[in-house]
Structures are given as structure tokens and as C-alpha cells.
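A short reminder: the numbers here are calculations on the coordinates, not readings from a lab. In this text, all values refer to a predicted model and were calculated from it rather than measured experimentally. Note that we place each Cβ from the backbone using ideal geometry, even for glycine, and neighbour counts take in every protein chain shown.
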Amino acid sequence: TTRTPEFLGLDMSADLFPESDSVSDVIIGVLDTGVWPESKSFDDSGLGPVPSSWRGECESGTNFSSSFCNRKLIGARYFSKGYEAILGPVDETKESKSPRDDDGHGTHTSTTAGGSSVASASLFGYATGTARGMATRARVAVYKVCWIGGCFSSDILAAMDKSIDDNVNVLSLSLGGGGSDYYRDSVAIGAFAAMEKGILVSCSAGNAGPSSFSLSNVAPWITTVGAGTLDREFPAYVSLGNGMNFSGVSLYKGDSLPTKMLPFVYAGNATNSTTGNLCMTGTLIPEKVKGKIVLCDRGVNARVQKGAVVKEAGGAGMVLANTAANGEELVADAHLLPATAVGQISGDKIKSYLLSDTDPTATILFEGTKVGIEPSPLVAAFSSRGPNSITPEILKPDIIAPGVNILAGWSGAVGPTGLATDNRRVEFNIISGTSMSCPHVSGLAALLKGAHPQWSPAALRSALMTTAYVVYKNGKPIQDIASGKPSTPFDHGAGHVNPVSALNPGLVYDLDVNDYLGFLCALNYTATQISTLARKNYTCDPTVKYSLTNLNYPSFSVPLQSAVMGRGGSASGSVGSTVVKYTRTVTNVGAAATYNVSVSLQSESVKVSVEPDSLSFSESNEKKSYTVTFTASSMPSNSFSYGRIEWTDGKHIVGSPIAVSW
Amino acid sequence: ASVEDTHVLKKTYIVHMAKSQMPASFDDHTHWYDSSLKSVSDSAQMLYTYANVLHGFSARLTAEEARSIEDRPGVLTVLEEVKYELH
């Protein structure tokens with residue numbers, strides 16, 4: 001990626017990370033659409049021999065030879081039996097029955113996580129810079145599990161199974177599938193086994209935001225990653241005949257629009273279809289759009305598809321207007337014709353002009369790449385949001401990372417829009433999604449793993465979470481694009497990843513497989529359900545009071561309704577108030593120090609106390625416990641309060657978000 | 001049609017086995033999986049066997065066969081294939 005290394009401070013801290021040695025022993029496994037091995041991001045210059053721990057392979061197949069792997073791309077496998085069992089044999093005229101990426105998504109995610117540095121990368125001159133993965137010296141192994149028809153759980157499980165055999169250290173999965181219980185969810189099942197083997201599993205949170213309860217991959221042994229913006233935009237202004245200008249974004253490159261203003265029409269008025277305003281295929285009347293700029297409403301079909309529809313009908317350009325579903329979130333696309341995307345407010349004003357002026361005209365002005373945009377990051381509107389619908393006692397997402405307008409490697413088999421009619425070929429593409437934020441965290445986890453090879457997946461995640469930030473440099477809280485207001489822990493989890501601080505977190509909240517088994521007991525899972533996840537008989541001890549809220553997680557979700565119902569926690573109360581206690585244990589991973597606690601919570605309805613309020617550590621790996629007591633007064637259902645607990649020794653700040661729900 | 005579907009239409013299922021319950025007559029768990037599968041369907045083909053993420057296998061089965069295999073000794077649970085989407 002370009003810009004994200006600078007945005008995350010990796011460029012300023014090269015000496016902090018052990019790039020030259022131990023990180024090169026870390027192997028990132030990426031389950032996705034495969035890989036384009038010819039990408040310069042897989043250049044292995046300067047890398048030593050493949051780690052001796054590696055047990056994997058580079059499989060041959062359609063358009064793919066085992067010789068395509070090298071010291072960077074050390075493994076490539078494909079899993080198609082489940083796919084083919086449902087949809088028939090892979091049509092090798094349309095997709096490669098091999099690890100070859102015919103889609104682009106897998107090359108984008110794998111290069112984001114562990115790609116080598118490539119100078120002068122860009123998409124048509126946009127986002128120019130040196131592109132690099134988060135862990136440039138880590139090794140990459142790709143497992144192709146997603147095909148044109150989707151990603152099937154039998155294939156995903158087979159890939160995870162093999163990746164464990166292969167000895168990967170980090171697994172990156174930018175995919176999801178609904179919100180079933182953990183013992184029914186193949187990704188959760190596979191991730192449990194991976195966690196047991198010391199593999200950190202990083203998954204995308206999903207793109208179903210800004211709706212609440214929209215998260216995927218919420219098992220507590222998974223690191224769940226939401227998406228934020230960078231300080232980079234690609235402005236393209238709409239200039240109207242009435243003199244008004246509106247800002248939008250675009251990655252269009254090609255023939256310019258004429259210098260004069262062009263006739264401008266609303267797609268809804270150039271169609272006989274009730275959905276013509278969406279610029280669905282075949283809905284525009286060519287005579288009404290020819291030579292004109294067409295305004296299309298966002299939604300239903302792909303954004304780039306709308307541009308193709310306008311172009312096909314003879315339109316000269318397109319303005320893509322957000323509706324309420326997307327608000328002010330602007331996602332830039334490499335459209336096939338001059339086009340720009342505008343937010344809902346601008347879109348409504350432009351439509352008002354279009355519908356009131358007898359001879360509306362417009363033009364689009366492309367401004368290229370702008371960096372230093374503030375405030376940033378913003379939580380992306382599409383990023384899925386909590387609360388966690390499976391286990392509300394576990395706060396998810398865990399963290400956010402860059403996921404909007406991310407430049408990374410791309411497949412040579414498909415154009416930047418992914419449309420069949422797009423004959424352009426690019427080495428890098430700019431796309432958005434929690435698919436893009438997930439591999440950022442996967443790569444950063446690989447960096448941490450290189451620095452701290454002995455740390456468990458939970459300790460690595462804890463370091464990333466407790467050092468994440470929730471305020472800008474000016475002290476103001478991170479904003480949510482969807483609302484235009486400060487984001488909450490249900491949007492950003494512990495905050496935005498801050499890898500430089502994560503390297504030296506001071507304290508970590510550790511967890512091992514027994515903690516997770518206790519968590520399953522607290523969920524009242526049956527022996528069979530536990531065996532499905534744990535692959536062994538495990539009997540919950542009837543004398544133990546298992547607690548969901550005491551899982552040693554680096555965040556605090558306090559669903560009072562669940563607590564009152566006695567769902568695995570320790571709740572008590574008097575008339576009008578509920579008291580809930582959470583216990584945590586922190587492990588010192590720094591020098592001897594004394595940490596003092598501070599609590600901030602913006603509500604008169606909840607009182608928070610921490611006991612003890614000071615923890616002294618005399619040596620590394622020493623553990624200390626503390627208890628947080630939440631005393632909540634009555635509030636209407638669906639009320640929320642948010643806050644933060646911070647432990648500090650003056651050098652480190654170990655932060656945990658709080659989300660209280662009535 | 002639904003009765004017919006139960007007997008004819010095949011879907012992919014993930015069959016989780018309790019490895020510790022493998023009868024002593026088997027010396028290899030894959031043979032045990034195969035035997036369990038063949039006991040409900042002569043024609044069913046195994047797609048994958050799993051060793052790390054779960055003990056068991058995936059196979060194409062009718063709904064009736066899936067219900068039958070659930071009752072076989074050592075079978076923990078039988079889950080229908082789920083389609084996941086890229087994010």
C-alpha cells in the first residue's frame with residue numbers, strides 16, 4: 001500500500017521493528033481469491049532462505065506453476081472441491097483452477113499484509129508512492145478458497161486445516177458469512193484450532209455498516225477488524241451551470257470532458273424504468289443521455305457498473321449521488337468514463353438544481369491525489385458495527401485500520417473496476433472494504449510476532465488493542481462518517497491501530513485455550529458443541545461459576561440486560577441499580593513499573609470503580625489482577641454509555657474501551 | 001417436491017467426528033470416516049477429510065442421509081455447507 005505506512009508511523013520507526021531478522025521468519029497465510037505471483041510486490045530480493053519451519057507447498061494448476069513461488073511468496077494452494085461439488089467443474093476459460101488470482105481481491109489483501117516495497121506505484125497516477133505491505137520481510141502463503149461463485153465452508157475449512165499443517169503464524173481472512181453460533185461457523189471453528197497452535201487469526205468485521213449488530217467474525221479468539229479512512233482523498237468537483245460547485249471523489253483517468261459545460265440529466269428522468277435512477281443495466285434511454293452528464297443514485301448495482309451503463313447509453317460523464325444508506329461516505333472508483341461520487345447532501349442539492357432548471361449543465365474537474373486530509377481517520381460508514389449479536393459481553397470489533405481507498409497489488413487478469421468490459425490492466429488498484437483493513441492488521445501482527453515471537457495470539461491482539469488511539473492529535477474523538485459525530489466503541493472497538501506503540505505495550509491481557517474453553521462453558525454450550533470447537537472431550541466443572549464477563553479480554557462490554565438475567569456474570573443490585581463486576585489479569589511485558597488507573601465515562605447513570613487502583617510489577621511476565629465494578633442506575637432500553645479505562649506507568653498507556661448497554 | 005428433495009437433492013455437509021470414539025477395529029481414522037459415510041450412502045463421495053480444524057470430513061449427502069449419519073456412533077454433529085462472501 002502507499003500512504004498507510006506513513007499514516008501508521010511505520011516509516012518513522014523502521015529501526016524499532018526487527019525487519020531484517022525475526023520478521024522474516026513470520027509466515028502470513030491469506031485465504032482469499034488466490035495470488036498474481038508476477039506482482040512486483042512479491043519480489044523476494046534481499047530475503048533469506050524460506051524459514052525452516054515452513055511445511056507448505058506451491059501447487060501447480062491452470063496458468064500457475066510451482067516455480068512461481070519464491071522467498072517472498074513461499075506457498076500457494078487452491079481448494080475447489082466444495083465449490084465444484086455445488087457449481088460444477090471450474091470453467092477454466094473464466095477462472096484458473098490453480099492458486100492464480102483472476103479477481104484481484106486476493107492479490108490486494110496478500111500484498112497489503114506482506115508485500116515487498118515497490119517504488120513509484122500508482123493507479124493511473126493516483127496515490128503515487130512506494131507501495132509496501134505492513135510486514136515487508138514476512139513471508140506470504142496464499143490459500144485460494146474464493147471463486148466466481150463464492151467461498152464455500154468446506155473449502156475454507158480445508159485451507160485452514162492445511163495452513164495449520166504448513167505452519168503459518170498469522171492467518172488473514174477478509175471474508176465472512178452471517179452470524180451463526182461459533183460451533184456452526186466454519187471460520188470460528190477453524191480459527192479456534194489455529195489459535196490453539198499459536199496462530200493469530202485476523203478477520204474482517206464486514207461491510208454491513210452503519211447498521212448496529214452487523215458484525216461478522218465475532219468469536220473472541222478471532223481479531224475482528226473494522227475500517228477507517230486515511231488522510232488521503234481523490235477530489236473531483238462537480239461544477240454546475242448555476243455556478244455552484246460540489247466536492248466529490250474519483251479515480252477516473254482517460255479522455256477529459258470538453259472544457260465547456262455539458263447538458264446534465266437525472267437518470268430517473270432518462271428512463272422508462274422505475275429503477276432507472278439507479279442506472280441499472282439497460283434502463284437508460286440513449287436519446288435522452290447521449291452526450292450528457294448523467295446523475296445516478298447509488299445503490300443496488302455496483303458503482304462502476306453504473307458508469308458502464310451510462311457509457312453504453314452514450315453518456316459523456318456521470319455524477320454518482322449517495323442516498324441516505326451511504327450518507328457522506330465517498331468511495332473513489334476507477335470509472336470507465338469521466339465520473340465522480342458525491343455525498344447525499346451534495347447529491348440532493350444537485351438533484352434539486354437538475355429538477356428545477358430548464359437547461360441544466362455541468363462539468364467535472366479532476367484534481368488528482370490530496371494528502372493530509374483532516375480529520376483522519378474517520379470510521380467508514382460501511383464498516384460493520386456492534387453490539388456483538390452472538391455474545392454481547394464481548395466488545396467487537398476489536399480495532400479499526402485503514403480500509404478506504406487502499407492502493408495495493410492487483411491481478412493482471414482483470415481491470416481495476418472488475419467489469420468484464422474493462423480491458424485496462426493495472427499493477428495496483430485502489431479499493432475499499434474491511435477486506436482491506438483486515439490484512440493491515442494481519443501484517444502488523446506479523447511485525448509484532450517478529451518482535452515478540454513468544455507472545456500468544458491473545459497477547460499480540462492485546463498489544464494492538466490497548467495501544468490503539470481514539471482521539472486525534474488535537475484531543476478530539478475519532479469521528480464516524482456515517483453520523484458525523486464521535487464514533488463509539490461499537491464502531492471502532494479499542495480504536496485505530498497504532499503499531500509503533502503496540503510494539504511496547506507495557507501490559508497485555510493474555511488468554512489461552514483453557515480460558516476460551518471456560519468461555520464456552522459460560523455460554524452453556526453442550527458437551528457436543530464444545531467438542532465441535534475443541535476437537536476433544538471437555539467437561540465443564542459444575543462447581544465452577546464460569547463467567548462471560550471475566551474472559552480476560554482487553555475491552556469491556558457491559559450489557560446490563562444480560563447481567564440482570566444472570567448470563568454468566570456476577571451481577572447484583574438493589575432497587576433501581578445494577579452492580580456488575582468484571583475481573584481482569586494483566587501481564588507485565590516491560591520493565592518493573594507501577595501502573596495507576598484512570599477511568600473516564602460520560603454518563604451519570606454508571607459509576608465505575610477499579611480495585612486496586614494501582615498495580616506494581618517488579619519483573620517481566622508478572623501477573624496482577626484487578627476488578628472493575630459497574631454500578632448502573634435504571635435507563636430506558638437501548639441506552640448506551642461509553643468510556644475508557646487506562647492504566648499508565650508514565651511511559652505506557654494501556655487503554656481499554658467500555659461500552660455499557662441498557 | 002420437498003419429500004423428493006429429501007431423498008434426491010444432495011448438499012454438502014461437514015461431519016464432525018469424535019476421534020476418541022473410533023472403534024478399535026479401525027487403525028486409521030480416515031477408514032472410520034469412510035465406513036461411516038458408506039453406511040448411509042453407497043454413492044456419497046468424500047470431499048475432504050480434516051485433521052486440524054476438526055476431526056471429520058465433508059461430503060455430498062441428501063438431507064435424509066445427513067440425518068442418518070448424525071445417528072452413527074462417533075458422529076458429533078453434521079453441519080450444512082455455508083457460503084461466505086468477500087468483504
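Near A:Ser247, once Lys and Arg are set to +1 and Asp and Glu to -1 for all other residues with Cβ below 11 Å from its Cβ, the sum equals -2. For chain A, A:Cys203, A:Cys438 have no disulfide-compatible partner, since no other Cys C-beta lies under 4.7 Å from theirs. Taking a Cβ cut-off of under 13 Å around A:Ala236, the surrounding Lys, Arg, Asp and Glu residues balance to a net charge of -1, with basic ones at +1 and acidic ones at -1. The P(r) of segment A:614-662 has a tail past 16 Å containing 57 percent of all C-alpha pairs. Here the relative contact order of segment A:69-179, from alpha carbon pairs under 8 Å that lie six or more residues apart, stands at 33 percent. For segment A:74-153, just say rounded, prolate or oblate: build the C-alpha gyration tensor, square-root its eigenvalues into a ≥ b ≥ c, call rounded for a/c under 1.5, and beyond that prolate if a/b exceeds b/c, oblate if not. Because a/c hits 1.5 or more and a/b exceeds b/c, segment A:74-153 counts as prolate.
Taking a ≥ b ≥ c as the square roots of the Cα gyration tensor eigenvalues, chain B comes out oblate, since a/c reaches at least 1.5 and a/b does not exceed b/c.
The loop-placed trypsin sites (Lys or Arg not before Pro) in segment A:73-162, going by DSSP, that have at most 16 neighbouring Cβ atoms within 10 Å of their Cβ come out as A:Lys94. Annotation for A:Asp44 and A:Lys651: the two label points, set 7 Å from Cα along the Cα-Cβ direction, are 3.9 nm apart. Neighbours of A:Ser620 by Cβ distance under 14 Å: Lys/Arg scored +1, Asp/Glu scored -1, total -2. For the segment A:200-212, counting C-beta atoms of other chains within 10 Å of every residue's C-beta and taking the mean gives 1. With contributions of -39500 (n - 2.57) from each DSSP H run of at least four residues, the per-residue ellipticity at 222 nm computed over chain A stands at -5500 deg cm²/dmol.
The angle between the Cα long axis of helix A:344-356 and the main principal axis of chain A comes to about 20°, on a 0 to 90 degree scale. The C-alpha atoms of chain A define a longest principal axis, and helix A:153-166 lies at about 60 degrees to it. If a/c stays under 1.5 just call it rounded; otherwise compare a/b with b/c (prolate if a/b is bigger, oblate if not). Do that for segment A:268-369, with a ≥ b ≥ c from the square roots of the Cα gyration tensor eigenvalues. Taking the square roots of the gyration eigenvalues as a ≥ b ≥ c, segment A:268-369 is rounded. Computed from the alpha carbon atoms alone, the convex hull of segment A:32-80 holds 88 Å³ per residue. Each DSSP beta bridge with both residues in chain A is either parallel or antiparallel, and the antiparallel ones are about 60%.
The alpha carbon radius of gyration of chain A, expressed as a multiple of 2.2 N^0.38 Å, is 0.97. Helix A:434-451 against the longest principal axis of chain A: what's the angle in degrees, Cα atoms only, rounded to the nearest 10? Result, in degrees: 40.
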